[in-house]
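**Student:** Quick one: this structure, given as structure tokens, is what I'll be asking you about.
The numbers here are math on the coordinates, done by the rules we state, and not lab data. These numbers were taken from a predicted model, which means no experiment stands behind them. Cβ: placed from backbone, ideal geometry, glycine included. Neighbour counts: every protein chain shown.
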Amino acid sequence: MQRLLNPVYALCLIAVLLLAGCEVNPVTGKNELSLISPRQEIALGEKNYAPSRQSQGGDYCLDAGLQAYVSSVGSRLAAESDRPDLPYEFVVLNNSVPNAWALPGGKIAINRGLLDYLDDEAQLAAVLAHEIVHAAARHGASQISRGTLANIGMLAVGVGTQGRDNSQLYAAASQLGAAAWMAKYGRDDELESDYYGMDYMARAGYEPQAAVELQRTFVKLSEGRQADFISGLFASHPPSVRRVEANSARAKMLPRGERHRERYQAAMAQLQKDAPAYRAQQAAAAAVNKKQAKKALVALDKAVAIQPQESAFWELRGQAWKQMNNLANADRAFTTAISKNPEYFSPYLARGVLRHERGQTGLALTDIKRSYALLPTPTASYYLGEEAMAGEQYSLATNYFKQAYQAGGDIAARSQQRLQAIKLELQPESFITAQLLLSDRRELLVRTTNHSPATMARVQLRISVAGQASYLTLPQPLAAGQSVNLGTGLGPIVDSTAQYQVEVTGAAVSR
């Protein structure tokens with residue numbers, strides 16, 4: 001460990017990694033840094049694909065034909081890519097935010113919210129081809145590699161920051177590398193994906209001008225500061241006039257292709273029919289956020305009338321009913337949501353929390369465990385921590401509460417309280433402090449203070465001087481917040497107490 005924290009060693013390691021980690025970019029043919037193998041890259045994408053989909057609305061499951069259609073377009077483009085043998089997957093997510101993304105290894109998703117902004121199959125191909133290049137060119141692997149180097153560099157910096165005010169900043173910064181592959185791509189990666197994505201489109205027979213149209217539209221939307229786009233697509237794929245110009249120049253060099261507008265519109269028929277329902281859902285969500293539950297239910301009545309099979313509508317109904325304290329209706333709505341989409345974590349979690357609050361602990365934990373299996377969330381972690389703590393599985397409970405603490409807000413505060421309670425149970429002596437004092441007669445005293453919220457009994461102290469130790473036990477329990485002075489029988493002390501040491505060796509919570 002000492003060697004890892006040596007700045008010179010860290011710099012040498014970076015140099016070695018830079019030399020050993022260069023690989024040829026399969027798309028551009030250039031040498032680029034990559035510290036993970038293609039096999040590791042694929043494994044990373046496979047591991048994170050399901051939870052990433054769960055965390056962003058889950059799969060859109062109302063129209064299997066649309067899912068198959070998008071997958072067929074993606075597969076057609078992937079076959080023309082520079083890495084056609086990657087295990088590509090394409091999925092439409094049930095999310096209104098216009099966005100698309102790619103994980104390492106070819107795991108690609110597009111939100112139904114972005115499909116609404118497209119006009120034909122060529123424009124869909126432009127989006128998917130762009131994401132395919134991110135995967136084929138190993139842009140995710142490059143993000144991870146840059147993050148790894150940042151971690152190593154921070155280890156070197158850490159030698160000089162330990163114990164200083166910015167040590168917490170160092171600790172936070174050193175974690176960035178682990179999540180670097182989820183960060184937005186750099187400008188060069190975006191331009192590269194535009195450029196080669198248009199090549200893939202042309203090879204597959206699509207009109208490359210569609211990519212120019214998309215970028216031009218996105219620039220206009222960004223200038224108008226459309227909220228959905230700012231929070232969605234633009235956050236990870238920022239548009240620019242430069243990209244429009246580059247795409248336009250590239251399109252002129254490529255052969256013309258097909259648009260397939262009718263085919264796209266036919267595939268989108270169900271989504272277009274349901275569009276008013278999703279607009280009503282958005283209005284209902286805004287009303288719930290403002291605690292206007294009745295208004296939300298009116299909007300959701302419209303949404304359900306148009307599309308009764310949409311799980312998200314029923315889950316939001318449950319939230320509205322819960323807000324009105326009609327818990328029976330809320331439970332029924334959450335149950336209906338689960339029946340509409342049993343593979344999505346959110347309604348299980350919502351029903352589980354509701355049932356836990358109603359005292360139906362067994363049923364609640366069944367739901368919460370199911371939600372956690374689909375997506376480990378801080379909220380589920382908190383309730384699983386409660387179960388583990390009740391069973392005196394303190395190590396497991398600690399892990400759950402630490403996960404829950406990441407949520408912030410009320411869950412974090414409650415998790416912190418539980419972590420303190422576990423520490424109080426396992427290390428009660430850590431809440432007791434002891435300080436050496438001298439009486440008026442210069443006899444050695446120990447001031448013992450209980451910083452816990454509980455009364456402490458059997459508080460044991462060890463006093464040592466020159467290798468010799470004596471032990472004391474407080475004769476009575478120490479109440480929460482209480483301090484007492486205890487004579488040690490040592491003294492009079494001629495000089496000072498510096499030669500003496502005191503340590504709290506034991507304590508027990510008074511039951």
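**Student:** What is the range 300-349 by shape, rounded, prolate or oblate, if you read a ≥ b ≥ c off the alpha carbon gyration tensor as root eigenvalues and call it rounded for a/c under 1.5, prolate for a/b larger than b/c, and oblate otherwise?
**Tutor:** oblate
**Student:** Please list, in order along the range 408-420, the HN-Hα scalar couplings obtained from phi with the Karplus expression 6.51 cos²θ - 1.76 cosθ + 1.60 (θ = phi - 60°), rounded to whole Hz, x for Gly and Pro.
**Tutor:** Each residue of the range 408-420 in turn: x, x, 5, 4, 5, 5, 5, 5, 4, 4, 5, 4, 5 Hz.
**Student:** Determine the alpha carbon to alpha carbon distance for each of Lys340/Lys369; Lys291/Lys423; Lys220/Lys273; Lys107/Lys340; Lys302/Lys322 and list only those over 31 Å.
**Tutor:** Violating the 31 Å Cα-Cα cut-off are Lys291/Lys423.
**Student:** Once you put a point 7 Å from the Cα of Val241 and another 7 Å from the Cα of Ser72, both along the Cβ direction, what distance in nm separates them?
**Tutor:** Once both label points are built, they end up 4.1 nm from each other.
**Student:** Related question: Where the convex hull is taken over the Cα atoms of the range 428-509, what is its projected area averaged over directions, in nm²?
**Tutor:** 5.0 nm²
**Student:** Run the numbers for Arg442 and Asn289: contour at 0.36 nm per residue of separation, minus the present Cα-Cα distance, in nm.
**Tutor:** Stretched out fully, the Arg442 to Asn289 stretch lengthens by 48.6 nm.
**Student:** Return the FRET efficiency for the residue pair Arg511, Ala469: r is the Cβ-Cβ distance, R0 is 35 Å, and the value is rounded to the nearest 0.05.
**Tutor:** Approximately 0.75, to the nearest 0.05.
**Student:** Take the Cα coordinates of the range 376-470, assign each an equal point scatterer, and use the Debye formula without solvent to give log10 I(q)/I(0) at q = 0.13, 0.21, 0.23, 0.24 Å⁻¹.
**Tutor:** The calculated log intensity ratios at q = 0.13, 0.21, 0.23, 0.24 Å⁻¹ are -0.59, -0.98, -1.09, -1.14.
**Student:** Also, I was wondering about something else. Which net charge results when you count Lys and Arg as +1 and Asp and Glu as -1 among the other residues whose beta-carbon is under 15 Å from that of Tyr383?
**Tutor:** +3
**Student:** Something else now. Cα convex hull of the range 248-367: how many Å³ per residue?
**Tutor:** Considering the Cα atoms of the range 248-367, their hull volume per residue is 155 Å³.
**Student:** Quick one: what are the phi-derived ³J(HN,Hα) couplings along the range 94-105, Karplus 6.51/-1.76/1.60 with θ = phi - 60°, whole Hz, x for glycine and proline?
**Tutor:** For the range 94-105, the Karplus-derived couplings read 7, 9, 6, 5, x, 7, 8, 7, 9, 9, x, x Hz, x marking Gly and Pro.
**Student:** For Leu396 and Lys369 in the same chain, what is the full-extension length gain: residue separation times 0.36 nm, less their Cα-Cα distance, in nm?
**Tutor:** 8.3 nm
**Student:** Count charges around Ala457 for me, please; just the other residues with Cβ under 15 Å from its Cβ, Lys/Arg as +1, Asp/Glu as -1.
**Tutor:** Spelling it out: positives minus negatives among the neighbours equals 0.
**Student:** For Gln40 paired with Glu258, estimate the spin-label separation in nm (one decimal), with each label point 7 Å from Cα along the Cα-to-Cβ line.
**Tutor:** 4.2 nm
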